[in-house]
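The block underneath contains the structure these notes are about, expressed in structure tokens.
Throughout, read-outs are computed from the coordinates displayed, never taken from laboratory work. Predicted model, so just to flag it, every value in this text is computed and none were measured. Methodologically, a virtual Cβ is constructed for each residue, glycine included, from the backbone with ideal geometry; neighbour enumeration extends over all protein chains shown.
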């Protein structure tokens with residue numbers, strides 16, 4: 001299977017390149033949404049799936065990135081600089097939010113991040129002079145690079161795809177670096193990891209900060225994609241949706257967030273032909289998956305592959321020994 005991975009990777013990228021060709025604006029827009037939510041889910045997967053820290057605030061970091069990018073681009077600053085500042089701000093806020101993770105764990109930590117998401121929502125809604133309040137911000141232009149505009153949905157899709165591939169490469173590099181191995185050790189057994197010299201405090205903060213930065217990038221892309229943002233777009237329900245993406249796809253698997261985002265974003269659209277029943281069917285499918293495969297779709301695929309894999313049995317005469 002290892003030899004097939006580069007081939008499958010090339011085929012996957014090729015499929016992403018041709019996916020929007022011949023499609024309508026709504027389908028292209030939906031594909032763009034899948035790409036940016038995949039980026040946010042990648043960050044949450046790093047925090048939850050690899051570092052083992054529960055977070056219910058990923059949508060809040062998307063909101064930080066989206067609002068900073070919107071305010072700066074509306075002031076005439078180029079999207080590239082605004083995105084860099086959004087990512088840095090999300091990283092810094094994630095670093096600060098990571099401090100409660102040093103004292104609380106598991107569901108207690110989930111409550112801390114839930115409170116932060118709610119707090120940010122209230123700030124965005126009430127600070128009308130800066131954020132526009134419930135009316136939000138609108139009119140953000142899509143960026144141009146070296147004379148190439150991304151105004152059309154097709155052009156913005158390829159721009160989002162480029163950002164998605166860069167984010168995926170950065171995550172791949174992190175997971176194969178000493179940081180990535182430290183995150184996995186932190187998830188499996190923190191006490192043993194600390195006994196081996198791993199600095200638990202630093203790694204926990206780093207996991208939160210890096211995962212938050214991915215959310216900031218996703219928010220920086222959402223602002224020009226939708227060209228309108230308001231506090232409800234980053235409420236707690238969207239953090240739960242991102243958590244669902246990670247869990248459904250496969251927490252702790254590299255391609256899990258991408259597959260989970262496809263299920264959460266694209267599957268409801270494919271089921272719309274059922275009219276009013278599509279949400280019921282969608283919810284039932286997710287429940288069945290979680291019951292029979294807690295490791296998500298990738299975990300389910302691995303179980304099926306193991307069952308289909310031919311087993312090599314040892315010769316019985318060798319097991320019993322040679323009888324003279």
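Sorted largest first, the principal axis extents computed over the alpha-carbon atoms of region 215-298 equal 38, 34, 20 Å. Secondary-structure-derived ellipticity at 222 nm for the chain, considering helices only, amounts to -22000 deg cm²/dmol, per-run term -39500 (n - 2.57) for DSSP H runs with n ≥ 4.
Starting from 0 in steps of 5 Å, tell me what percent of the Cα-Cα pairs of region 1-116 lands in each bin. All Cα pairs, binned at 5 Å, distribute as 2, 10, 14, 16, 15, 15, 13, 10, 5, 1, 0 percent.
Rounded to two decimals, the Cα radius of gyration of region 5-57 over 2.2 N^0.38 Å is 1.48. A Förster radius of 51 Å combined with the Cβ-Cβ distance from residue 15 to residue 118 puts the calculated FRET efficiency at roughly 0.85. Quarter the surface of the alpha carbon convex hull of region 120-221 and you get the mean projected area, 9.7 square nanometres. Note on the chain: Rg/Rh from Cα positions, Kirkwood definition for Rh, rounded to two decimals, is 1.03.
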